[in-house]
Each structure stands twice: as C-alpha cells, then as structure tokens.
1. Would you tell me the accessible area of T110, worked out with a 1.4 angstrom probe on the heavy atoms of the protein chains, in Å² to the nearest 10?
2. Could you tell me what percent of the accessible area of the stretch 14-126 is made up of carbon and sulfur, with a 1.4 Å probe and every protein chain present?
3. Need the list of lysines near K21 for cross-linking: C-alpha distance under 29 angstrom, and skip anything on the same chain fewer than eight residues off.
4. Can you give me the Cα centroid spacing of the stretch 80-110 and the stretch 1-56 in angstrom?
5. I need the calculated FRET efficiency for the pair E94 and T9, taking r as the beta carbon distance and R₀ as 30 Å, to the nearest 0.05.
6. Provide the per residue accessible area, probe 1.4 Å, for the chain, rounded to a whole number of square angstrom.
7. Taking Cα pairs under 8 Å and at least six residues apart, what relative contact order does the chain come out at, in percent?
8. Please pull out the direction-averaged projected area of the chain, using the convex hull of its alpha-carbon atoms, in nm² to one decimal place.
Amino acid sequence: ACTTPWSGTSCSQLTLGIVNKSGYGYRQGFPYTTSWGGSVQYDSSSEQYIMLVSEYAAQCPNWGHNSAVSLATSTTPQGPYAKQYRLFGVMSHEGMLSRGDAGEWVVYFTAKKVAGTGLPATGVDD
C-alpha cells in the first residue's frame, strides 16, 4: 500500500492539490525573474519567518553565471515573502539558514570567490 499522497502500482504517482499562488511563497520580480531553493527559519526576536532564496540577478536567465542569494521575510510560514535585500551577490546560490551552537544565525551557501579578496561577493558587490 502507498503512503498518501502517493498512489499507483509502484507508488510513483503524486497527487497534487491546487494552490493559490498569489498568497504563497516568494514571487519577487515574477514573471520576469526566477527563484529557487527557499530555505525558511522562524526568528523569534523579530517574529518573522526568514527565507534565503536563490534568484537570477538582473533578470538574466542563466543561473550558472548570474545567481544571487536574497533574504526575504513574512509573518506566516507560507508567505507571501517580501524581499528585504540581496545577502550574497553574483555568483552565489543554495543558501540555507540555520542556528549555530550559541544560537547565532549561520548561512551555508555556494559561491564563487571574488578576485583579490578570495571571499564571496556581498549583496552590494554586483
């Protein structure tokens, strides 16, 4: 027997519902840019849900050369999320937000080094 929402002879069919996209998630720049990989954590001090999301920078349709990590917030876990600022510049993506051992925020992400510094680009570098 399959576990809901899966069905079919080999449990390979996924039953999806209908979602009102206007009230959920992160839609900054839609339909002119694309975002992916939203990682969400609740921040009790601000009483906000914080999302790190990868998106195309400057509406460039090539994540391999022009993706950046932005920070967005919402008062509910489902959103909608509003972009606050670009956290890491081009070329960064796959941001994940977590808490460190002392309770501080920690971000794990993939990024290209900036020539001269060896560090990832900040949100204002691009």
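1. Answer for T110: close to 60 Å² accessible.
2. On the way: 3880 of 7110 Å².
In the stretch 14-126, the share of accessible area belonging to carbon and sulfur is 55 percent.
3. Filter leaves K83.
4. Each part's Cα centre sits 17 Å from the other's.
5. Working: r = 35 Å, r/R0 = 1.18.
So the FRET efficiency works out to roughly 0.30.
6. Values: 8270 Å² over 126 residues.
Heavy-atom SASA per residue in the chain reads 66 Å².
7. Details: 262 pairs, mean separation 23.5, N = 126.
Computed over the chain, the figure is 19 percent.
8. Details: hull surface 44.0 nm².
If you wrap the Cα atoms of the chain in a convex hull and average its projections, you get 11.0 nm².
The values are calculated or read from the model by the stated rules, or taken from the named source; none is laboratory data. Note that the structure is a prediction, hence the values are computed from the model and not measured. Note: ideal-geometry Cβ built from the backbone for every residue, glycine included; neighbour counts use all protein chains shown. Just so you know, the surface numbers come from the protein's heavy atoms only, side chains and all, with ligands and any DNA or RNA stripped out. Shrake-Rupley method; radii C 1.70, N 1.55, O 1.52, S 1.80 Å.
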